[in-house]
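Each value in this text was obtained by applying a stated rule to the coordinates, not by laboratory testing. Just so it is clear, the model here is predicted, and its values are computed rather than measured. Cβ sites come from the backbone with ideal geometry, for glycine too, and all protein chains shown count toward neighbours.
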Amino acid sequence: MSLAVEELAVRFGGVAALVDVSFEVEPERITSLIGPNGAGKTTAFNVITGFLRPARGRVLYEGKALTGLRPFQVAERGIVRTFQKTNLFHRVSVLDNVMIGLHLRGRMGFLSILLGDRRVREEETALRGVAEEILAFVGLAHRRDEVASALPYGEQRLLELAVGLAARPRLLLLDEPVSGMNPAEKTTVMGLIRRIREQGVTILLVEHDMRLVMGISDQVIVLHHGRVIAQGPPGEIQSHPEVIRAYLGGR
Ligand SMILES: Nc1ncnc2c1ncn2[C@@H]1O[C@H](COP(=O)(O)OP(=O)(O)OP(=O)(O)O)[C@@H](O)[C@H]1O
Ligand SMILES: [Mg+2]
């Protein structure tokens, strides 16, 4: 097992966002976390990645506790997320957005970057090559010199994915990576997610498009009103009576 979430509880005032939530994510598999709006999916991501402390419960990655770590410490362990609303540097070029992502995991300290010594310039050149490879991988090579805000929305989401990949994830958490995309873009991203998994990366995906979720997932976890109401392979989840009820709007 790669990631284990154990008995998480999170409240926001009167809202129980997560109630006794436990699930596991198998290594090198695609696991999807689904559920109606407000079910607690993003909250679960926030807890796993250190943006939010749970009132109860813990998160283990490869047997070690993540709970209590700050977001950058979680990222240092190879756990990388993308955001439901993109988190790009809007006035910075596409290439530089990816370069910034690379620097977050780079070996050079900020001081030597500021001083701009020779080793840094050499590393810069190497990083630029890696950034260009990542952009080619997501199909944004032709946009490298444009500022991020000039890209159409679907391409901004692709850039968000590229920045996540720049951090060299071992576990990648994707929060609605294809929302707002057209069908062709969605198909492209699903293909990319499969290829990322083939490179040994574990994927935890939040997505509302059921056809995509059922087509790509090895395992599906269903949240409803902050509780796990079902988990299993897509075939089981699609015909699960509680899941159908949750999506039809009942309680
Ligand atoms: N920072 C916050 N302050 C107050 N309430 C919050 C906060 N974040 C989330 N909530 C509430 O917690 C519940 C779960 O929200 P969450 O964003 O995790 O849902 P979600 O499953 O990601 O939904 P969506 O599919 O709409 O993105 C909702 O009722 C939401 O309004
Ligand atoms: Mg959400």
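For the chain, give the magnitude of the charge dipole about the Cα centre (Cβ charges: +1 Lys/Arg, -1 Asp/Glu; no others), in debye to the nearest 20.
That gives a dipole near 500 debye.
What ranking do 22-31, 182-191 get when scored by the average of other Cβ atoms within 10 Å per residue, highest first? Could you put the intermediate results ahead of the total?
On the way: 22-31: 17.0, 182-191: 15.2.
Sorting 22-31, 182-191 by mean packing, highest first, produces 22-31, 182-191.
Using +1 at the Cβ of each Lys and Arg and -1 at the Cβ of each Asp and Glu in the chain, identify which of Gly129, Phe89, Gly215 lies farthest towards the dipole's positive end.
With unit charges placed on the Cβ atoms, the residue in question is Phe89.
Just the number, please: percent antiparallel of the DSSP beta bridges in the chain, rounded to the nearest 5.
On the way: 20 of 36 bridges.
Counting DSSP beta bridges with both partners in the chain, the antiparallel share is about 55 percent.
Where the Cα atoms of region 189-251 are projected onto their three principal axes, how long is each span, largest first, in whole Å?
Over region 189-251, Cα extents along the principal axes are 39, 20, 17 Å.
Where the Cα atoms of region 136-222 are projected onto their three principal axes, how long is each span, largest first, in whole Å?
In descending order, the Cα extents are 39, 26, 17 Å.
For region 110-251, what proportion of DSSP beta bridges, expressed in % and rounded to the nearest 5, is antiparallel?
On the way: 5 of 10 bridges.
Around 50 percent of the beta bridges assigned by DSSP in region 110-251 are antiparallel ones.
Given the Cα-Cα distance of Glu132 and Ser22 and 0.36 nm per residue of separation, how much length would full extension add, in nm?
35.7 nm is the gain from fully extending Glu132 to Ser22.
Listed highest first by mean packing, meaning other Cβ atoms within 10 Å per residue, what order do 168-178, 49-59 come in?
Result, highest mean first: 168-178, 49-59.
For the chain, count the residues as N, evaluate 2.2 N^0.38 Å, and divide the Cα radius of gyration by that value, please.
Numbers: Rg = 18.7 Å, N = 251, 2.2 N^0.38 = 18.0 Å.
Normalised Cα radius of gyration, the chain: 1.04.
Based only on Cα atoms, what mean projected area does the convex hull of region 1-104 have, in nm²? Mind showing how you got there, number by number?
Values: hull surface 31.3 nm².
Reported value for the Cα convex hull: 7.8 nm².
Only helical DSSP H runs with n ≥ 4 go in: add -39500 (n - 2.57) per run for the chain, normalise by residue count and round the 222 nm mean residue ellipticity to 500 deg cm²/dmol.
On the way: 10 runs with 103 residues, N = 251.
One gets -12000 deg cm²/dmol as the mean residue ellipticity at 222 nm.
Please give the contour-minus-distance gain from Arg245 to Glu7: 0.36 nm per residue of separation, less the Cα-Cα distance, rounded to one decimal in nm.
Details: separation 238, 0.36 × 238 = 85.68 nm, distance 2.39 nm.
Going from the current span to full extension adds 83.3 nm.
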